[in-house]
Amino acid sequence: MATDTAIIAISHHQAETAPGIKIRRVIHHGIDTQSVPLGAGDGGYASFLGRMHPGKGLPEAIETARLAQVPLRIAAKMYSAEEHEYYAAVIAPLLGPDVEYLGELNAADKFVLLGGSVALLNPLQWDEPFGMAMIESLAAGTPVVATFRGSAPEIVSEGVTGYLRSSPRSWPRQSSPPPRWIAPSAATPRKTTSVPSAWSPNT
């Protein structure tokens, strides 16, 4: 690699994990918010969006939803043999009337899922360099509940666009949902309702 090659990181966290490499700039992934319909968050469920992989924290999302007494709808990719094995051995036994696996959704259905959700549960179990699911959720107007790992602190504003905590058991106190995140429009800046103490995570 030439010494004058410009290296771009997709998060400050990613840049910090590359000691000795000169990072020219940090540029987060983006999304065209005008192409994402704003949801009402009135579906009465939480959602999970990702891959069938232990690092994505799906068992933790299921535990969180059940502790909060909120139904969970799961949209997840499942391609490799390892992913199918993980689903059969770990996830399928956890499904039930309150936890539904929808398969992999197309873009339109994905944003319908996110827009109707009271929150996206994203309890990552690894330091993900960037989380597209989180910004897709925020673009749909849905707050994010995530673990304090990887780039999550750069995406989620604590108590404003979601919550960041270390474990599922530190999140829900009861079934009241987190605040609705209002996506930007031409006339209205981003804002949110006040954070209800009932859903505010324990420290």
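Filter the range 38-57 down to the residues that are assigned to a strand (DSSP E or B) and more than 14 Å from VAL99 (Cβ to Cβ) and list them by number.
LEU49, GLY50, ARG51
Here is a yes/no grid of residues against (1) out of contact with any Asp or Glu (no Cβ under 9 Å at 6 or more places or on another chain); (2) within 20 Å of ASP127 (Cβ to Cβ):
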residue	(1), (2)
HIS28	no, yes
ASP32	yes, no
VAL36	no, no
ALA40	yes, no
GLY57	yes, yes
GLU60	yes, yes
LEU72	no, no
MET78	no, no
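Looking at LEU49, is it under 17 Å from the mean Cα position of the chain (by Cα) and surrounded by 11 or more Cβ atoms within 10 Å (Cβ to Cβ)?
For LEU49, the condition - under 17 Å from the mean Cα position of the chain (by Cα) and surrounded by 11 or more Cβ atoms within 10 Å (Cβ to Cβ) - is met.
Restricting the search to the range 13-37, which residues are under 17 Å from PHE130 (Cα atoms) and assigned to a loop (DSSP other than H, G, I, E, B)?
Correct list: THR17, ALA18, ILE27, HIS28, HIS29, GLY30, ILE31, ASP32.
For the subset of the range 55-92 comprising residues that are among the β-branched types (Val, Ile, Thr) and under 15 Å from the mean Cα position of the chain (by Cα), which member is surrounded by the most Cβ atoms within 10 Å (Cβ to Cβ)?
THR64
Quick check on PHE111: is it buried (at least 18 other Cβ atoms within 10 Å of the Cβ), of a type in the set (Phe, Trp, Tyr), modelled with pLDDT of 90 or more and part of a helix (DSSP H, G or I)?
Judged against the criteria, PHE111 is a match.
Taking the condition of being buried (at least 23 other Cβ atoms within 10 Å of the Cβ), in contact with a Pro (Cβ under 9 Å, 6 or more places away or on another chain) and not in a helix (DSSP H, G or I), how many residues in the range 118-140 meet it?
Residues meeting the conditions: 6.
Quick check, is ILE62 touching a residue at least 60 places away in the same chain (Cβ under 8 Å), within 29 Å of ALA108 (Cα to Cα) and not in a strand (DSSP E or B)?
No, not satisfied.
So which residues in the range 40-68 are touching a helix residue (DSSP H, G or I) at 6+ places or on another chain (Cβ under 6 Å) and at pLDDT below 90, if there are any at all?
The answer is THR64, and nothing else.
Given the criterion over 27 Å from GLY116 (Cα atoms) and modelled with pLDDT under 90, identify the matching residue among PRO37, PRO19.
Within the list PRO37, PRO19, the selection yields PRO19.
Filter the range 83-101 down to the residues that are in a helix (DSSP H, G or I) and touching a residue at least 24 places away in the same chain (Cβ under 8 Å) and list them by number.
Once the filter is applied, which keeps residues that are in a helix (DSSP H, G or I) and touching a residue at least 24 places away in the same chain (Cβ under 8 Å), the range 83-101 yields GLU83, HIS84, TYR86, TYR87, VAL90, ILE91, LEU94.
I need a count of the residues in the range 105-139 that are in contact (Cβ under 8 Å) with a residue 40 or more places away in the chain and either closer than 19 Å to ARG66 by Cα or more than 12 Å from the chain's Cα centre (by Cα) (or both).
Total meeting the criteria: 19.
Could you figure out which of (1) outside any helix (DSSP H, G or I); (2) at pLDDT 90 or above; (3) under 16 Å from THR142 (Cα atoms) isn't true of ALA76?
(3)
The values are calculated or read from the model by the stated rules, or taken from the named source; none is laboratory data. Please read all numbers here as calculations on a predicted model, not as lab measurements. Cβ: placed from backbone, ideal geometry, glycine included. Neighbour counts: every protein chain shown.
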